[in-house]
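The values are calculated or read from the model by the stated rules, or taken from the named source; none is laboratory data. Worth saying up front: this structure is predicted, and the values here are computed from it rather than measured. Cβ coordinates were reconstructed from backbone atoms using ideal geometry, including for glycine residues, and neighbour counts include every protein chain displayed.
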Amino acid sequence: MSQPNVPHSSSKHITLAFTGASGAPYGLRLLECLLAADYTVYLLISSAARVVMATEHGLKLPSGPQAAQQTLLAHLNSQRDQLIDSDKLVVCGKEDWFSPVASGSAAPKQMVVCPCSAGSVASIAHGMSDNLIERAADVVMKERGQLLLVVRETPFSTLHLENMHKLSQMGVTIMPAAPGFYHQPKTIEDLIDFMVARILDHLGIKQGLVPRWGYDQRDNH
Ligand SMILES: Cc1cc2nc3c(=O)[nH]c(=O)nc-3n(C[C@H](O)[C@H](O)[C@H](O)COP(=O)(O)O)c2cc1C
């Protein structure tokens, strides 16, 4: 009997979505850390996320998945000594319904939407599944996996809060993009790393981006 061919059954894999909230640098840094941790990353990028990425980071991502993958790899590799294995980054199209992330039978059990717009919060909270980001989130929820939403908006309307409350009750982790200052950040990168470190902590991925509360900070007092 032939061996069942379950894609990535034993490897580390995760779904990451960039949506059109402010905070594109959080998403990029998280992607870099996940790839450095040897994860295969299924990356989903909304149209608005591409606008935000160009506005905030000056990085123009093509709309085609393969071209976007090449652009991201070139960008990340230009900032690293060690080249990223290109097979580890799988960019999926908006309506790529045959992507593993679209089905509970193959989807990674962990997904992060970073940054997450209020619009995507609403769509996910109401199970719209109208594009691959919404469908992938719906799959992770129905499979009782781990979904983290790094939401960015200010102030929050009652509607935003109701949607987040609903998702939180379903076990979704709402992580507002709200970095702390107790690690005494000196640069914007320090603030970005604060958020990314908290996300990696929640995913159970070892990180050394910022000092850990109560371990490395006592000497300052
Ligand atoms: C530069 C820029 C910054 C934005 N910042 C936010 C934001 O912080 N939070 C938010 O909810 N929407 C923000 N938006 C609006 C969203 O991009 C817009 O609602 C979009 O429809 C979200 O779609 P998506 O969730 O499919 O990416 C921003 C748009 C742009 C162009």
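Is at least one residue of segment 139-148 more than 23 Å from Tyr39 (Cβ to Cβ), in contact with a His (Cβ under 9 Å, 6 or more places away or on another chain), outside any loop (DSSP other than H, G, I, E, B) and within 16 Å of the ligand (Cβ to nearest atom)? Give the steps one after another, and end with the answer.
From segment 139-148, those more than 23 Å from Tyr39 (Cβ to Cβ) are none; that's our starting set.
No, segment 139-148 contains no residue that is more than 23 Å from Tyr39 (Cβ to Cβ), in contact with a His (Cβ under 9 Å, 6 or more places away or on another chain), outside any loop (DSSP other than H, G, I, E, B) and within 16 Å of the ligand (Cβ to nearest atom).
For segment 45-75, how many residues are hydrophobic (A, V, I, L, M, F, W, C), in contact with a Ser or Thr (Cβ under 7 Å, 6 or more places away or on another chain) and under 25 Å from Ala122 (Cβ atoms)?
Going through segment 45-75 one residue at a time, the tally reaches 4.
Being exposed (fewer than 14 other Cβ atoms within 10 Å of the Cβ) and basic (Lys, Arg) is the filter here, so list the residues in segment 69-109 that pass it.
Hit for segment 69-109 is Arg80, nothing else.
Spot the failing condition for Asn131; the list is (1) touching a Lys or Arg at 6+ places or on another chain (Cβ under 7 Å); (2) more than 13 Å from the ligand (Cβ to nearest atom); (3) within 22 Å of Ser22 (Cα to Cα), and only one is missed.
(2)
What are the residues in segment 149-177 that are within 16 Å of the ligand (Cβ to nearest atom) and under 17 Å from His202 (Cβ atoms), if any?
Correct list: Leu149, Val150, Val151, Arg152, Met164, Leu167, Val172, Ile174, Met175, Pro176, Ala177.
Every residue in segment 132-160 that is farther than 12 Å from Met111 by Cα and surrounded by 13 or more Cβ atoms within 10 Å (Cβ to Cβ), please.
Leu132, Val151, Arg152, Glu153, Phe156, His160
Within the set of pairs 6+ apart or on separate chains, which have a first residue in segment 149-166 that is touching a residue at least 12 places away in the same chain (Cβ under 8 Å), a second that is of a type in the set (D, E, K, R) and within 11 Å of the ligand (Cβ to nearest atom), and C-beta atoms under 7 Å apart?
Close Cβ pairs satisfying both conditions: His160/Glu153.
Do any strands (runs of 3 or more DSSP E) lying entirely in segment 20-124 carry at least 2 residues that are within 14 Å of the ligand (Cβ to nearest atom) and modelled with pLDDT of 95 or more, and which ones are they? Working first, answer last.
Numbers: elements: 40-45, 89-92, 110-116.
In segment 20-124, 40-45, 110-116 are the strands (runs of 3 or more DSSP E) which contain 2 or more residues that are within 14 Å of the ligand (Cβ to nearest atom) and modelled with pLDDT of 95 or more.
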